[in-house]
1. Testing L253 on (1) at pLDDT below 95; (2) under 19 Å from the mean Cα position of the chain (by Cα), one condition comes back false. Which one is that?
2. Take the range 166-180 and flag every residue that is assigned to a loop (DSSP other than H, G, I, E, B) and either surrounded by 19 or more Cβ atoms within 10 Å (Cβ to Cβ) or free of Cβ contacts under 8 Å to residues at least 40 places away in the same chain (or both).
3. Checking A213 against (1) crowded, with 21+ Cβ neighbours inside 10 Å; (2) over 23 Å from Y71 (Cβ atoms); (3) touching a strand residue (DSSP E or B) at 6+ places or on another chain (Cβ under 6 Å); (4) assigned by TED's automatic domain parsing to the domain that holds G273: exactly one of these is not met. Which one?
4. Does the range 132-151 include one or more residues that are closer than 25 Å to A269 by Cα, outside any loop (DSSP other than H, G, I, E, B) and polar (S, T, N, Q)?
5. Within the range 189-200, is there a residue that is closer than 20 Å to L26 by Cβ and within 21 Å of the chain's Cα centre (by Cα)?
6. I'd like to verify a number: residues in the range 232-269 that are buried (at least 18 other Cβ atoms within 10 Å of the Cβ) and assigned to a helix (DSSP H, G or I), how many?
7. Working carefully through the options A25, A83, find the one that is surrounded by 20 or more Cβ atoms within 10 Å (Cβ to Cβ), modelled with pLDDT of 95 or more and small (G, A, S).
8. If the Cβ limit is 6 Å and pairs must be 6+ apart or interchain, which residue in the range 16-42 that is at positive phi pairs with which residue that is polar (S, T, N, Q) and part of a helix (DSSP H, G or I)?
Amino acid sequence: MQTVTTLGVLRKAVDALRGDGATLALVPTMGALHEGHLALVRAAKARADHVAVSIFVNPRQFGPKEDFGAYPRQLARDSALLAAEGVALLWAPAPGEVYPEGYATNVSVAGVGDGLCGADRPGHFDGVATVVLKLFNQVRPDMAFFGEKDWQQLAVIRRMARDLDLTRPAAEAIHGFPIVREADGLAMSSRNAYLSPEQRSAAAALPAAMQGAIAAIASGTPVPQALDGLRAGLIAAGFDSLDYAELRDADSLAPLGRSAPGARLFVAARIGGTRLIDNMAIS
C-alpha cells in the first residue's frame, strides 16, 4: 500500500493505478477505523480494480464546541488495517494540504442538508460537502463508498453529485453500505470509544428503543406517541437528552406524520459527552 500526503504525489499515484483502464474506488474516512469502515473497503474491492482510502479529520465539519481536538487519530494503526485489506492507496493529507492559506470556497447543499443533524450542527454539512467534493476532485474515483449510519450525509453527497454534474464519481456510483452493528445492536462508530463502560452498556438501549418504536408504529400506534415512548425509554436507560427522533422519507428526507413506503426512523441522542446517531427502515 502506498501512503501519500501531498497532492502532487497523489496525482501521480492515481495516474499509475489507472493504467490500462483500471477502475478506482474511494472510501473517505476520518480514521479511527472499525469493522464498519473495513466492510466498506471490502465492498469497494468487490467492485473496483483498486481501492483508495482517505483519512482526514476535517475541521470544517466540526462546530466550535464539538470534538475536533479530541477526535481519535490513529494513523499507524489504521494504516496497518488498510494494508491488511489490500488497499492500494492511502491518502492522508495534513489540513494545510486540503485547505491552503487563503482558502475561501464553501459548498452548501439545501433541502436534504436541512433538519436532523443539519439543524443541530449548523455548518456541518457544508463542511462535509466541501471536503468530499475536494476528495473527489483529488482522487478522481470511478465510485465511492459511504456507510448508511450517516444517512443524511449520504443524501447530501448524492445531491451534490447530481446538482454539480459530477462524473468521477457520478451520483449513481456513490454507494451506501448497510450499518454494521455490534453484537448488542449498537451501530459501530469511532465515537463509541468515548463511552465509559457504564455508558456503553446503556447505549445498547438506542437500537432497542428504535426497534420498539418501529414495532409500535407497525401495530398502529400513532407516530407521535411511538416517538414519545422512544424518548422516554432512552432517558430511563441513562441517556441525557435527544437532539431528535423523527420519521422521514428515506430519499427526500421530508418529515412524515405517519408510516409510508420508504419511511425511515432517525435518532440522535446524547449520553455523557457523546452524541450517537442511528437510523432504521420502517417499511
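The values are calculated or read from the model by the stated rules, or taken from the named source; none is laboratory data. Everything numeric in this text was worked out from a predicted model, so none of it was measured. Glycine also receives a Cβ, built like all others from the backbone with ideal geometry; neighbour counts cover every protein chain displayed.
1. Every listed condition holds for L253 apart from (1).
2. Pass one, the range 166-180, residues assigned to a loop (DSSP other than H, G, I, E, B): 166-170, 178-180.
Once the filter is applied, which keeps residues that are assigned to a loop (DSSP other than H, G, I, E, B) and either surrounded by 19 or more Cβ atoms within 10 Å (Cβ to Cβ) or free of Cβ contacts under 8 Å to residues at least 40 places away in the same chain (or both), the range 166-180 yields L166, T167, R168, P169, A170, P178, I179.
3. Evaluating A213 over (1) crowded, with 21+ Cβ neighbours inside 10 Å; (2) over 23 Å from Y71 (Cβ atoms); (3) touching a strand residue (DSSP E or B) at 6+ places or on another chain (Cβ under 6 Å); (4) assigned by TED's automatic domain parsing to the domain that holds G273 leaves (3) as the failure.
4. Let us first name the residues in the range 132-151 that are closer than 25 Å to A269 by Cα, namely 146-151.
Subsequent filtering for residues that are outside any loop (DSSP other than H, G, I, E, B) retains 146-151.
Now drop any that are not polar (S, T, N, Q), which leaves none.
Taking every residue of the range 132-151 in turn, none turns out to be closer than 25 Å to A269 by Cα, outside any loop (DSSP other than H, G, I, E, B) and polar (S, T, N, Q).
5. Step one: filter the range 189-200 for residues closer than 20 Å to L26 by Cβ, giving 190.
If we keep only those that are within 21 Å of the chain's Cα centre (by Cα) as well, we get 190.
Looking for residues that are closer than 20 Å to L26 by Cβ and within 21 Å of the chain's Cα centre (by Cα), one finds at least one in the range 189-200, hence yes.
6. Final tally of qualifying residues: 1.
7. On the way: A83 fails: surrounded by 20 or more Cβ atoms within 10 Å (Cβ to Cβ).
Selected residue: A25, the only one of A25, A83 that is surrounded by 20 or more Cβ atoms within 10 Å (Cβ to Cβ), modelled with pLDDT of 95 or more and small (G, A, S).
8. Within 6 Å, the pairs are A32/S190.
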